[in-house]
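Engineer: Got a structure for you, written out below as structure tokens; questions coming shortly.
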Amino acid sequence: LVSRLAFSTALDLPQRAAAGAYTQSTMALSARLVVLALSLFPRQSAGFQPRSWVQSPNAPRTAPRVVRHVEIGESVRTRGDELSDGLRSELSSVVREIQHELSQRDLDDDTFQIVEGYPFQTYQKDGRAFPLVITPSASFDDSVPMDAWVAAHKETLLQLSLSHGAVLLRGFPVPDAEAFGRSCEGLDLAMTTMEGSAAPRTNIYKDIVFTSNEAPPSEKIPFHHEMAQTAHPPNYVLFFCETPAATGGETPIILSEEVAEYLEVNHPGLANDLETHGVKYQRTMPADDDPESPIGKGWRSTFNVQTEEELEMAIQGSGYESWEWQPNGDLKTVTVAQPSLAFDPRTGRTLFFNAVVAAYVGWEDSRNDPKKSVVLGNGVALDDAVMMDVDRFMTERRVAFPWEVSPNSDILFCFKYGKISHIHDSNPDPRRTTCS
């Protein structure tokens with residue numbers, strides 16, 4: 001959808017931004033409104049007139065809502081950066097209706113089917129299943145390479161992951177990590193660099209598929225958004241289990257909007273602090289990877305350098321407020337303040353997007369104290385009782401399922417930017433989970 005931002009020219013967004021007519025955040029909101037509306041009419045030109053288009057016999061049933069959606073964007077532009085509670089509520093309603101329309105567009109495809117009723121699935125107030133489970137239908141052609149099938153259904157998969165938060169592809173012919181990698185290639189998305197990742201990983205397939213974490217299976221990795229502590233976290237994350245544990249070893253997930261709502265109702269002080277100040281992450285890295293720690297990725301592999309001099313050059317401008325060399329060659333880092341609770345105009349929801357819980361309860365090894373690993377953006381420490389309660393809530397509300405593997409292995413497709421938080425459960429049994 002971002003590629004269709006040319007439509008914003010019709011609404012004079014760049015010119016108004018250049019003239020300082022409104023703030024960057026308002027421009028981003030207006031642009032996303034337009035882009036979302038555009039997904040309903042991708043073949044239209046930049047000169048598209050939405051009000052006349054409503055009269056077209058080809059307009060979908062949500063066409064009037066699309067127009068109202070654009071009008072909301074125009075209203076926000078004229079009001080500056082103000083977004084009243086009433087307008088925010090209407091925006092959320094419009095977005096959800098359009099998202100539902102989009103998610104239903106291609107569901108008449110005869111190669112797959114949506115299956116509900118799995119015991120691990122949960123359902124939101126508006127009826128959305130989490131995760132949405134898709135399986136091959138009787139007419140699915142096993143001779144078609146999986147990457148070709150994914151490419152043909154790219155927009156459907158992206159939209160469903162946005163609407164539901166996660167899509168579980170179950171029963172498709174994906175026998176191993178290489179086949180998983182080829183399936184990921186079918187999405188034709190730009191890859192996120194691993195720079196800044198805390199987890200030690202191994203490259204499995206063409207810098208596309210990596211082990212999710214090289215820490216011992218006994219190490220639990222608490223809830224987090226992938227690389228949320230970095231300046232450029234991925235928009236989508238996919239998981240694939242090549243070797244499941246004999247018992248346990250799941251990759252539980254939870255909807256970020258649920259956590260945000262819980263915070264706003266039960267801990268409004270923390271919610272306000274997170275939205276106002278964000279958070280800073282503090283971590284001490286070894287020189288080389290420590291495979292015994294879930295946050296043991298060394299500074300050499302983190303920044304793809306070999307010497308301290310190269311590190312000093314690479315770390316500048318990469319999202320760190322400060323760094324300090326330790327006598328033994330370790331590197332102590334503090335990030336700039338990162339957003340952690342935000343309103344997402346693409347879905348109309350407030351989201352808990354961060355690695356706060358993971359850092360506070362799980363960033364522990366010989367170099368790091370988890371209680372000091374994350375603070376508010378203004379330097380104030382987090383309330384321990386509140387953080388423990390949030391961790392408890394996320395653990396109770398998590399969704400977990402046993403991995404199904406070869407020859408028809410699961411792929412868990414997550415819309416990560418502000419949607420999904422996941423963990424890796426501890427387990428004494430060996431396992432191998434990969435991600436892209």
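Engineer: For the pair ASP110/ASN408, report the inter-label distance in nm, with labels modelled 7 Å from Cα in the Cβ direction.
Structural biologist: Result for the modelled spin labels: 1.9 nm.
Engineer: Continuing with the same structure: Contour minus end-to-end for TRP325 and GLN121, with contour as 0.36 nm per residue of separation and end-to-end as the Cα-Cα distance?
Structural biologist: Stretched out fully, the TRP325 to GLN121 stretch lengthens by 68.8 nm.
Engineer: What order do you get for 238-247, 118-127 when each peptide is scored by the mean count of other beta carbon atoms within 10 Å, highest first?
Structural biologist: Going from most to least packed, we get 238-247, 118-127.
Engineer: A follow-up question, please. Can you give me the % of accessible surface on region 237-284 that is carbon or sulfur? Probe 1.4 Å, all protein chains present, nothing else counted. Please report the intermediate quantities before stating the final value.
Structural biologist: Numbers: 750 of 1660 Å².
Solvent-exposed carbon and sulfur of region 237-284 make up 45 percent of the total.
Engineer: On average, how much accessible surface per residue is there in region 260-364, in Å², for a 1.4 Å probe, leaving out ligands, DNA and RNA?
Structural biologist: Numbers: 4470 Å² over 105 residues.
Heavy-atom accessible area per residue stands at 43 Å².
Engineer: With a 10 Å radius around each residue's Cβ, average the other Cβ atoms per peptide and rank 278-286, 404-412, 302-310, 172-180, highest first.
Structural biologist: Top of the packing list down: 278-286, 172-180, 404-412, 302-310.
Engineer: Can you tell me how much longer the chain between VAL336 and GLU309 gets when fully stretched, taken as 0.36 nm per residue apart minus their C-alpha distance, in nm with one decimal? Please list the in-between numbers first.
Structural biologist: Numbers: separation 27, 0.36 × 27 = 9.72 nm, distance 2.15 nm.
The span from VAL336 to GLU309 would gain 7.6 nm if fully extended.
Engineer: With the contact rule set at Cα under 8 Å and sequence spacing of 6 or more, what percent relative contact order holds for region 129-185?
Structural biologist: 55 percent
Engineer: I'd like the FRET efficiency for VAL265 and ALA148, computed as 1/(1 + (r/R0)^6) with the beta carbon distance as r and R0 of 41 Å, rounded to 0.05.
Structural biologist: The formula returns an efficiency of 0.35 here.
Engineer: Using 0.36 nm per residue of separation minus the Cα-Cα distance, give me the extension gain between HIS232 and PHE140 in nm, one decimal.
Structural biologist: Answer, rounded to one decimal: 29.4 nm.
Engineer: With a Förster radius of 35 Å, plug the Cβ-Cβ distance of THR276 and ARG397 into 1/(1 + (r/R0)^6) and report the FRET value to the nearest 0.05.
Structural biologist: Working: r = 25 Å, r/R0 = 0.72.
The computed FRET efficiency comes out at 0.85.
Engineer: Residue-wise, which Karplus ³J(HN,Hα) couplings in Hz belong to region 174-191, taking 6.51 cos²θ - 1.76 cosθ + 1.60, θ = phi - 60°, and x for glycine or proline?
Structural biologist: Using θ = phi - 60°, the values come out as 10, x, 8, 5, 5, 5, 4, x, 5, 4, 5, 4, x, 6, 6, 10, 5, 7 Hz.
The values are calculated or read from the model by the stated rules, or taken from the named source; none is laboratory data. None of the values given here were measured: they were computed from a predicted structure. Heads up, the Cβs are rebuilt from the backbone with ideal geometry, glycines too, and the neighbour counts pull from every protein chain shown. Quick note on the areas: whole protein, heavy atoms, side chains included, nothing else; ligands and nucleic acids left out. Shrake-Rupley method; radii C 1.70, N 1.55, O 1.52, S 1.80 Å.
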